[in-house]
Structure formats: structure tokens, C-alpha cells
Amino acid sequence: MYWLVGLITLSLVGIVAAGVYLEFRPLSRKRPARRWLRGTLAANLLLFVVAEALLLFFAVDQSMAQAPAAGASADVSVGLGLALIGIGIPTALATIGAGIAVGPVGAAALAVIAEKPEIFGRTLIYLGLAEGIAIYGLVVTILMLGRI
């Protein structure tokens with residue numbers, strides 16, 4: 001099972017590296033995507049999804065295990081560790097989404113406030129709505145922690 005965790009980690013590193021590469025060298029009509037880039041990204045994403053599915057399939061018995069008896073030691077198993085990582089994913093994705101939402105909304109709010117200062121209250125509402133995405137992810141994580 002550890003080899004699946006390693007495979008997922010390598011796949012995630014590859015996806016992040018491709019994202020950083022494309023961030024600094026974005027594609028345009030003058031510079032289309034290289035032939036190998038699309039295939040590599042597709043294969044990397046497919047590998048990640050398959051490895052994640054296999055990990056969930058093999059780790060279900062460990063993550064759903066009974067609580068240890070009163071006299072037994074309470075060690076963290078691989079399944080419990082994976083369950084905790086899975087519980088943290090909604091918060092991580094929600095905060096990334098909130099960051100993506102707050103950037104353009106905040107920039108537009110500052111531009112509008114520079115022209116019409118009386119619209120300050122409305123812009124705060126829009127920023128609050130964008131930040132609400134992160135709070136929803138945190139609430140989902142707290143609800144899932146109650147299930148362990």
C-alpha cells in the first residue's frame with residue numbers, strides 16, 4: 001500500500017510541476033502545446049486517479065477498523081492517516097478556490113472604490129461571498145472529523 005502512496009505523491013508532484021511550467025510559459029496561438037505535453041498530462045492525471053482508486057479500495061478495511069480496546073495502544077494506522085488526509089482535502093480545495101475567487105474580486109473592488117468610494121459596502125459583500133467558499137470547506141471538514 002505504501003507504493004500506492006508514493007505513486008500518488010509522484011503524480012501530484014508531476015501535475016504541480018506541469019502547472020508551474022505552464023504558469024511561467026503559457027500557451028498561445030504563436031506557441032501551441034507541444035505534442036508530448038498533452039499526452040504526459042493526460043497520462044499523469046489518469047495515473048493519479050487510478051492510484052487513488054486503488055488506494056481507497058485497499059485501505060477501506062483499515063480506515064473503517066474498529067476502535068482499539070481499552071487496554072490496547074492507540075496507534076495511528078495507515079488507513080486512519082489516509083482518512084485524515086482525505087478529510088483535509090475539502091479545506092485545501094476550498095481555500096484554493098477562495099483564493100482564486102478573491103484575487104479578481106478584490107482587484108475589481110479596489111478599482112471601483114477608487115472611482116466611487118460610496119460603493120465600498122457592496123464590494124465587501126462580494127468579497128465576503130468569495131471568502132465564504134473557504135468557510136464551507138472548513139465546515140465540511142469539521143463534519144467529516146466527527147465521523148471518525
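Structural remarks
- Residues that are among the aliphatic types (A, V, I, L, M) and outside any helix (DSSP H, G or I), drawn from region 1-49: Met1, Leu27, Ala33
- Note on region 102-144: residues that are aliphatic (A, V, I, L, M) and within 17 Å of the chain's Cα centre (by Cα) amount to 10.
Bear in mind these aren't lab numbers, they're just calculated from the coordinates by the rules spelled out. If you're wondering where the values come from, they're calculated on a predicted model, not measured in any experiment.
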